[in-house]
Amino acid sequence: MAILRRALQAALCGTLGLALFLRGASGAEAPTEYQVKAVFVYNFSRFVEWPPQAFSAPNEPFVIGILGADPFGGRLDEAVRGEQIDQHPLLVRRFRSLDEISDCRILYIDRSESAQLQQILAALDHRNTLTVSDLDDSSQRGVMVQFATENNRIRLRINVESARAAGLTISSKLLRSAEIVGARNGN
């Protein structure tokens, strides 16, 4: 009887251990699409060079803006919390309209702004603002960095011409992992 009891206890402990292991393994969920995109947006601040005159003061905040609906929730805020580029603290701001945008170094243009994309890009023309979006074909329409999802993987399409026109230099490290595109004629 004692042997049976020990065997039963061992089986229960093994089952409990397996259940805890499986629960822990399944608890480590894969990051969501917008968690990954938030980290990308943050990292763009490290792989793009802005001209010195882009900042009016040495400690002016480095603003990452979101125009339109915010698909990131708090994920982008979490990614930049406590970070800085040179002496510039990173800060996330949300804009509901084009008129609200002031000095912004990176601007994520949400899908909700699709109808106004050309107007937005025209308003930002020759400003030192890196434009980012996941709108279809947005890089060919003048957005500098487009997120494109292919086979459940996020790919980057970069319009180097648009970045150069804004006075920005994109690191070759970032360009190596991206598809380089140009603007379509007739936009």
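The values are calculated or read from the model by the stated rules, or taken from the named source; none is laboratory data. Because the structure is a prediction, the values reported are computed rather than measured. Neighbour counts run over all protein chains shown; Cβ positions are idealised from the backbone, glycine included. Calculation scope for accessible area: heavy atoms of the full protein, side chains included, ligands and nucleic acids excluded. Shrake-Rupley method; radii C 1.70, N 1.55, O 1.52, S 1.80 Å.
Table for the structure above
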| quantity | calculated |
| --- | --- |
| Residue that is nearest to the chain's Cα centre (by Cα) [pool: residues in the range 47-63 that are at pLDDT below 95 and part of a helix (DSSP H, G or I)] | Ala54 |
| Unique match (being over 17 Å from Glu49 (Cβ atoms) and not in a loop (DSSP other than H, G, I, E, B)) among Leu135, Leu117 | Leu117 |
| Inter-residue pairs, beta-carbon under 6 Å, first assigned to a loop (DSSP other than H, G, I, E, B) and in the range 64-82, second among the charged types (D, E, K, R), 6+ apart | Gly68/Asp110; Gly68/Glu113; Ala69/Asp110; Asp70/Arg94 |
| Matching residues in the range 140-157 - criterion: being aliphatic (A, V, I, L, M) and either touching a residue at least 60 places away in the same chain (Cβ under 8 Å) or not in a loop (DSSP other than H, G, I, E, B) (or both) | Val145, Ala148, Ile154, Leu156 |
| Qualifying position, being buried (at least 20 other Cβ atoms within 10 Å of the Cβ), among the small types (Gly, Ala, Ser) and within 24 Å of Val36 (Cβ to Cβ), among Gly65, Gly82, Gly73 | Gly65 |
| Subset of the range 31-62 [crowded, with 19+ Cβ neighbours inside 10 Å and more than 20 Å from Arg155 (Cα to Cα)] | Trp50, Phe55, Phe62 |
| Condition check for Ile170: buried (at least 17 other Cβ atoms within 10 Å of the Cβ) and at pLDDT below 95 | no |
| Near pairs, Cβ below 7 angstrom, 6+ apart or cross-chain, from the range 158-173 (in a strand (DSSP E or B)) to any residue that is among the aliphatic types (A, V, I, L, M) and open to solvent by 30 Å² or more (accessible area, probe 1.4 Å) | Ile158/Leu175; Ile158/Ile180; Asn159/Ala183 |
| Single unsatisfied condition, Leu91 versus (1) assigned to a strand (DSSP E or B); (2) aliphatic (A, V, I, L, M); (3) open to solvent by less than 60 Å² (accessible area, probe 1.4 Å) | (3) |
| Test: residue in the range 128-139 that is open to solvent by 50 Å² or more (accessible area, probe 1.4 Å), among the small types (Gly, Ala, Ser), more than 20 Å from Phe62 (Cβ to Cβ) and touching a residue at least 24 places away in the same chain (Cβ under 8 Å) | no |
